[in-house]
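Following: one structure in structure tokens, then a few remarks.
The values are calculated or read from the model by the stated rules, or taken from the named source; none is laboratory data. The structure presented is a predicted model; accordingly, all values stated were derived computationally and were not measured. Note that each Cβ is placed from the backbone with ideal geometry, even for glycine, and that neighbours are counted across all protein chains shown. Remember, those area values only see protein heavy atoms, side chains included, never the ligands or the DNA or RNA. Shrake-Rupley method; radii C 1.70, N 1.55, O 1.52, S 1.80 Å.
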Amino acid sequence: MIEFIFNNKEIKTAVPAGVTLLDFIREDQRLKGTKIGCREGDCGACTVLIGSLKNGQVSYQSITSCIAPLGNVRGKHVVTIEGINLPKELTVVQQAMTNNYATQCGFCTPGFVVSMTGYALEDKASTLNSCNDAISGNICRCTGYKSIEKAGFEIEEKLTEKDDSDHIKWLIDQGFVPNYFESIPERLKTLASSITDVPKNNEKSVLVANGTDLYVRHADTLAEQKIHLVTHNSDLNGIDISNSICTIGANTTVTDLIEHKEFRSVFPKLDDFLKLVSSEQIRNMGTLAGNFVNASPIGDMSIFFLALNSVLTIQNDQGTERTIPFQDFHQDYKKYDLQQNEIVRSISFNILKNSEKYNFEKVCKRTHLDIASVNTAIRISVENTHIKSAYIGMGGVAAIPKCLSKTSTYLIGKKVNSQTVKEAAVILQSEISPISDVRGTADYKRLLAQQLFYAHFIALFPLNVKLQNMMT
């Protein structure tokens with residue numbers, strides 16, 4: 001049985017854990033405000049909020065319910081558009097949408113309202129977010145977005161008055177959410193104490209984390225199969241930085257990275273890097289290990305950690321662990337070094353030293369929230385103007401996330417200047433073998449690879465490397 005709070009009522013259901021949360025909402029609960037759009041997590045029409053109990057308080061995140069397995073809401077608070085409504089009047093968010101004429105056909109509107117309400121419910125200012133960042137994963141075909149953006153600005157202005165000492169009570173008093181939200185923390189504590197049947201794995205189960213890849217392709221099949229949700233494995237969570245080593249659990253999401261103060265201190269430009277990685281709803285869901293075992297040649301987080309010279313820890317069902325260099329994990333297209341009885345446990349890397357710099361670059365058809373044509377990251381150490389070490393990862397240029405070992409080796413000992421970068425770019429071209437597909441021709445990807453390689457050095461060493469010197 002799966003137990004959780006659904007809007008303002010307790011749910012205990014025998015619906016299979018692999019059914020999508022969207023289908024449970026619409027078909028089992030018969031609530032039609034949560035819309036069916038793309039069924040791929042791209043349009044945001046099915047956005048709901050998931051509240052999790054943390055340190056006695058409830059933390060809410062927006063997700064796309066179309067690619068979320070129902071089993072993952074065990075012990076949590078699920079909020080749909082119906083659960084946000086007030087008895088006799090519009091909420092602050094709904095009124096802001098009305099004031100700014102921010103809805104036309106109305107199909108996408110519930111998703112926008114839920115995402116904006118999720119922004120208001122944040123108990124601390126997110127490092128990436130404005131209200132309009134929070135709706136970055138919501139698509140509207142009618143309005144041209146300006147009226148929706150204006151509604152977002154109006155909400156932000158209202159939230160400047162927010163009382164952070166008891167933010168839920170303030171939001172209730174101001175008309176952002178209904179009264180029952182105040183009771184949710186205690187109700188979730190009571191619910192947690194009653195849940196004893198933690199799902200067990202068996203040989204016939206399909207391993208699923210948050211489903212952002214598997215449910216895009218196999219939602220209907222997974223609804224009928226036994227699944228084991230590894231997100232219930234709490235020992236796969238967390239970020240630990242100690243003894244100059246950062247170790248990150250397999251279940252960690254991109255949002256977890258963004259909100260971790262120590263991790264952010266390692267990467268001062270983390271906001272800029274991770275804003276290029278999907279929408280807020282997907283950043284809240286997608287796990288690092290899920291991105292790794294998806295084995296996409298353009299997996300953003302695979303490239304991010306490949307350049308860090310990371311190490312994977314892999315664990316079998318008997319608890320035995322082994323470690324491998326992350327660059328050895330991906331073997332061929334969609335093939336990787338993971339046996340049937342194994343899971344990724346964590347990824348770790350040595351913290352950057354004072355002499356080291358890091359950069360991440362990505363180009364896709366849309367500026368943000370899109371699948372990369374080419375993405376790349378670099379970790380480089382320079383002492384006395386000479387390169388001491390370099391690690392470069394690049395996606396979209398081979399059948400796997402590519403470690404550019406020859407290019408990296410060539411750079412070592414060279415002086416940081418435009419000529420060195422031009423010469424290394426020639427080595428880079430010999431290492432890659434892009435193919436033509438919907439994201440660009442092979443020639444286009446070769447050009448992108450060169451330009452993004454240049455971009456690393458221009459961003460990290462602006463006094464030593466000039467674009468005009470490399471284009472002659």
Return yes when residue 15 is outside any loop (DSSP other than H, G, I, E, B) and of a type in the set (A, V, I, L, M) and no when it is not.
no
Does at least one position in segment 106-114 carry a residue that is open to solvent by less than 10 Å² (accessible area, probe 1.4 Å) and among the aromatic types (Phe, Trp, Tyr)?
yes
Which numbered condition residue 84 misses (of (1) at pLDDT 95 or above; (2) open to solvent by less than 10 Å² (accessible area, probe 1.4 Å); (3) more than 26 Å from the chain's Cα centre (by Cα); (4) among the hydrophobic types (A, V, I, L, M, F, W, C))
(3)
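Would you confirm whether or not segment 98-110 contains a residue that is assigned to a loop (DSSP other than H, G, I, E, B), within 24 Å of residue 162 (Cβ to Cβ) and touching a Lys or Arg at 6+ places or on another chain (Cβ under 8 Å)?
yes
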Which pairs do you get when a residue that is on the phi < 0 side of the Ramachandran plot and acidic (Asp, Glu), found in segment 317-338, comes within reach of a residue that is part of a strand (DSSP E or B) and open to solvent by less than 90 Å² (accessible area, probe 1.4 Å), reach meaning Cβ atoms under 7 angstrom, with the pair 6+ apart or on two chains?
321/313; 321/314; 321/315; 321/345; 337/324
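Could you please find all residues in segment 162-174 being touching an Asp or Glu at 6+ places or on another chain (Cβ under 7 Å) and free of Cβ contacts under 8 Å to residues at least 12 places away in the same chain? Can you show your working first?
Of segment 162-174, the ones touching an Asp or Glu at 6+ places or on another chain (Cβ under 7 Å) are 167-170, 172.
Those that are touching an Asp or Glu at 6+ places or on another chain (Cβ under 7 Å) and free of Cβ contacts under 8 Å to residues at least 12 places away in the same chain: 170, 172.
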Contact list, first residue from segment 198-211 and of a type in the set (S, T, N, Q) and open to solvent by 70 Å² or more (accessible area, probe 1.4 Å), second anywhere and modelled with pLDDT of 65 or more and not in a loop (DSSP other than H, G, I, E, B), beta-carbon distance below 8 Å, six or more apart or interchain, is 201/207; 201/228
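Could you look through segment 243-259, keep only residues that are free of Cβ contacts under 8 Å to residues at least 60 places away in the same chain and under 15 Å from residue 287 (Cβ atoms), and pick out the one that is farthest from the chain's Cα centre (by Cα)? Lay out the reasoning, then the answer.
The initial filter retains those residues of segment 243-259 that are free of Cβ contacts under 8 Å to residues at least 60 places away in the same chain, namely 243, 251-254, 256-257.
After this cut, where a residue has to be under 15 Å from residue 287 (Cβ atoms) as well, the list is 251-254, 256-257.
Details: 251: 11, 252: 9, 253: 6, 254: 4, 256: 9, 257: 9 Å.
Per the criteria, the residue is 251.
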Which fully enclosed helices (runs of 4 or more DSSP H) of segment 258-301 have 2 or more residues being open to solvent by 30 Å² or more (accessible area, probe 1.4 Å), more than 24 Å from residue 21 (Cβ to Cβ) and not basic (Lys, Arg)?
261-266, 270-274
What are the pairs, 6+ residues apart or on separate chains, where a residue within segment 175-190 that is at positive phi has its Cβ under 9 Å from a residue that is surrounded by fewer than 17 Cβ atoms within 10 Å (Cβ to Cβ) and part of a helix (DSSP H, G or I)?
175/95
So residue 151 passes all but one of these: (1) at pLDDT 85 or above; (2) part of a loop (DSSP other than H, G, I, E, B); (3) under 27 Å from residue 93 (Cβ atoms). Which condition number does it fail?
(2)
Look through 48, 78 and report the one residue that is open to solvent by less than 10 Å² (accessible area, probe 1.4 Å), in contact with a Phe, Trp or Tyr (Cβ under 6 Å, 6 or more places away or on another chain) and not in a helix (DSSP H, G or I).
78
Residue hits (segment 442-466; of a type outside the set (D, E, K, R), surrounded by 13 or more Cβ atoms within 10 Å (Cβ to Cβ) and more than 17 Å from residue 394 (Cβ to Cβ)) are 461, 464, 465
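If you take the residues of segment 406-420 that are in a helix (DSSP H, G or I) and over 16 Å from residue 381 (Cβ atoms), which of them is least open to solvent (accessible area, probe 1.4 Å)? Reasoning before the result, please.
Taking segment 406-420 and keeping what is in a helix (DSSP H, G or I), we get 406-411, 418-420.
With over 16 Å from residue 381 (Cβ atoms) added as a condition, the list becomes 406, 418-419.
Numbers: 406: 129, 418: 12, 419: 97 Å².
Among those residues, the one meeting the criterion is 418.
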Flag for residue 353 being among the charged types (D, E, K, R) and outside any strand (DSSP E or B)
yes
Segment 1-45, residues that are closer than 19 Å to residue 286 by Cα and in contact with a Phe, Trp or Tyr (Cβ under 7 Å, 6 or more places away or on another chain)
20, 45
Checklist (1) among the polar types (S, T, N, Q); (2) modelled with pLDDT of 85 or more; (3) more than 18 Å from residue 55 (Cα to Cα) applied to residue 183, failing item
(3)
Taking into account only those residues within segment 308-362 that are in contact with a helix residue (DSSP H, G or I) (Cβ under 9 Å, 6 or more places away or on another chain) and basic (Lys, Arg), which is nearest to residue 450 (Cα to Cα)?
362
Given the options 49, 53, name the one that is hydrophobic (A, V, I, L, M, F, W, C), modelled with pLDDT under 95 and closer than 30 Å to residue 164 by Cα.
53
Could you look through segment 372-405, keep only residues that are in contact with a strand residue (DSSP E or B) (Cβ under 6 Å, 6 or more places away or on another chain) and on the phi > 0 side of the Ramachandran plot, and pick out the one that is surrounded by the most Cβ atoms within 10 Å (Cβ to Cβ)?
396
Between residues in segment 260-277 that are among the aromatic types (Phe, Trp, Tyr) and residues that are crowded, with 18+ Cβ neighbours inside 10 Å, which pairs lie under 6 Å by C-beta distance while being six or more apart or on different chains?
263/257; 273/360
